[in-house]
Amino acid sequence: MSTSDDLLAGRERALRTLELSVKKRLEGFLHGDITGLRSGPGSEPNEARPYQPGQDDVRRMDWNVTARSLEAHVRAPLAERELETWALVDASASMDFGTALAEKRDLAVAVVGAIGLLADRPGNRLGARVAFGDQLTRIPAVGGAAALRRTFRTLLSLPRLEPGAHPTTDLVTAIRRLDREHPRPGLRVVVSDFTEDSTAWAKPLRRLAVRHEVIAVEVIDPRELELPEVGLLTLVDPETGRRHEVQTSRRRIRERYAVAAAEHRERTAAALRSAGVAHLQLRTDRDWVRDVASFASARRRAAARRSPLNRDGIR
């Protein structure tokens, strides 16, 4: 078997492992949370809300909730519409890094795969935009299991960028184009390590969140948070290719690096909060499936607290 055949077989195994892992461990967590369905004309019942005389159909009265709350409630229908999800994947050279269980690019593909698999309902579609160098490629929005697998294969086969051999990936421009070229309201997932200064991408991300539900997935590796004590270490800037020699045996240098890294992550988290987007952080040394499940569960609890049923502590 040739090397290319080995690579293809490895990708297929990775794809099957991803599908099994997600379906087994995330089913029930994300199902419904990422569909983004809004109240409107439809046939499926949604959450109950107070009855509005002259506006609501009395045939939709929810008598159980009405009896418990002593206030008339109706069951609002779910809008019957398709969900269009677009994922923006940062494929810059800095994503080709990992010192633990996986590389950052592996987690990027995995989380897009999870969203695609769990949002796979009739009419729903998933598309991807991949930003690397000065290019922004487009993987068309498709629906159905077979089409989604083709999307995942494309993401798994993305080429690697040699440090300094290509223009630096422009996340800002990629977010702006995602907003401009896909205006239909839906779910938008931005997957990146967010190494750029947050003052650059925060504004376009905030604008993206005006029309869409946005999830920002920050992917990091533990070696980006602190330096190991291994003596003289040569560091390579993945974007520019520049090399720097660092004496990691000096505690002061390690401490300064850890402080700078922590401050950068804090600024990133603050910028994402300010932009009004959901923030999911994945690490290459953690169980990403469990982290995604915890994230989805927290969102579900938050949505339940905002429900009209819970305004007066009624469940």
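The values are calculated or read from the model by the stated rules, or taken from the named source; none is laboratory data. For clarity, every value in this text was computed on a predicted model and none was experimentally measured. Cβ atoms come from the backbone with ideal geometry, glycine included; neighbour counts cover every protein chain shown. Surface accessibility is based on the protein's heavy atoms, side chains included, excluding ligands, DNA and RNA. Shrake-Rupley method; radii C 1.70, N 1.55, O 1.52, S 1.80 Å.
Return the distance in nm (one decimal) between the two label points of a simple spin-label model at Arg160 and Leu225, each offset 7 Å from Cα along Cα→Cβ.
The answer from the label model is 2.5 nm.
First measure r as the distance between the Cβ atoms of Glu266 and Arg68, then evaluate 1/(1 + (r/R0)^6) with R0 = 30 Å and state the FRET efficiency to the nearest 0.05. Spell out each step's value before the answer.
Values: r = 44 Å, r/R0 = 1.46.
For Glu266 and Arg68, the calculated efficiency is 0.10.
Quick one: if the Förster radius is 22 Å, what FRET efficiency do Ala258 and Arg286 give, using the C-beta to C-beta distance and rounding to 0.05? Show your work: numbers first, answer last.
Numbers: r = 18 Å, r/R0 = 0.84.
Plugging the Cβ-Cβ distance into 1/(1 + (r/R0)^6) gives 0.75.
With every protein chain kept in place and ligands, DNA and RNA left out, what is the accessible area per residue of the stretch 173-252? Probe 1.4 Å, answer in Å².
I get 52 Å² per residue for the stretch 173-252.
In the stretch 202-230, which residues have a backbone nitrogen under 14 Å from the label point lying 7 Å from Arg251's Cα in the Cα-to-Cβ direction?
Residues passing the 14 Å test: 229.
Leaving ligands, DNA and RNA out of it, report the carbon-plus-sulfur percent of the accessible area of the stretch 129-210 at a 1.4 Å probe.
Values: 1970 of 3800 Å².
The computed percentage sits at 52.
Using r as the Cβ-Cβ distance of Arg121 and Ala302, and R0 as 22 Å, what FRET efficiency do you calculate, to the nearest 0.05?
Numbers: r = 23 Å, r/R0 = 1.03.
Given R0 = 22 Å and the Cβ-Cβ separation, E is 0.45.
At what distance in nm do the modelled label points of Asp134 and Arg242 sit from each other, each positioned 7 Å from its Cα along Cα→Cβ?
Rounded to a tenth, the inter-label distance reads 2.0 nm.
Could you order peptides 251-263, 117-129, 220-232 by the average number of other Cβ atoms within 10 Å of their residues, highest first?
Working: 251-263: 12.3, 117-129: 18.8, 220-232: 14.8.
Ranking, from highest mean packing down: 117-129, 220-232, 251-263.
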